[in-house]
Amino acid sequence: MFKRFLRVTDVPFSASVGLLALRVVIGVAFMFHGWGKIQHPFGWMPAGAPVPGFLQALAALSEFGGGLAWIVGLLTPLASLGIAATMAVAVAMHVSQGDPFVSMGGHSYEAAAVYLGISLALLLVGPGRLSADAAIFGTKR
């Protein structure tokens, strides 16, 4: 069942190239985004933050590890699910603080919402043929 979940939907080659470009660019962004967090995974948020240390560690792992997984296209659905959960929490935290969607220099939830959308797209569409998932688990129609 798990292997079936990781099989890649067979998409046209041009779509696979587009998905590869998206995965690499966003994966690198997430690795940079998560780098500082992975250095102190249980305490990267300010003291008194409402998020327990183990959830901070999961967020750090999903950002840094998920970014790496996206780059190579390995375990893409799991990486996408972790990043989607992390970005959904980030959006909710920004919204609860009254941050706007877009801001000219202040806090906003624009980036978190864009990352959430991309993670959902990769979760639903998959990494494409040019991925480790396709090489290891095969494709499905």
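The values are calculated or read from the model by the stated rules, or taken from the named source; none is laboratory data. All figures in this text were calculated on a predicted structure; none of them were measured in a lab. Cβ: placed from backbone, ideal geometry, glycine included. Neighbour counts: every protein chain shown.
Here is the figure for region 96-122: residues that are within 25 Å of Gly73 (Cα to Cα) and crowded, with 17+ Cβ neighbours inside 10 Å total 7.
Right, Val17: under 30 Å from Thr139 (Cβ atoms) and either more than 17 Å from the chain's Cα centre (by Cα) or not in a helix (DSSP H, G or I) (or both) or not? For Val17, the condition - under 30 Å from Thr139 (Cβ atoms) and either more than 17 Å from the chain's Cα centre (by Cα) or not in a helix (DSSP H, G or I) (or both) - is met. For region 123-133, the candidate set comprises residues that are in contact with a strand residue (DSSP E or B) (Cβ under 8 Å, 6 or more places away or on another chain) and not in a helix (DSSP H, G or I); within that set, the residue that is surrounded by the fewest Cβ atoms within 10 Å (Cβ to Cβ) is Arg129.
Residue count for region 60-115 satisfying the condition of being closer than 25 Å to Gly128 by Cα and part of a helix (DSSP H, G or I): 30.
crowded, with 17+ Cβ neighbours inside 10 Å, at negative phi, among the hydrophobic types (A, V, I, L, M, F, W, C) and modelled with pLDDT of 90 or more: does that describe Leu55? Judged against the criteria, Leu55 is not a match. Can Leu6 be described as out of contact with any helix residue (DSSP H, G or I) (no Cβ under 9 Å at 6 or more places or on another chain), under 21 Å from Gly66 (Cβ atoms) and either among the small types (Gly, Ala, Ser) or surrounded by 13 or more Cβ atoms within 10 Å (Cβ to Cβ) (or both)? Criteria not met by Leu6. Just so you know, in region 9-41 the residues that are of a type in the set (D, E, K, R) and buried (at least 17 other Cβ atoms within 10 Å of the Cβ) include one that is modelled with the highest pLDDT, and it is Arg23.
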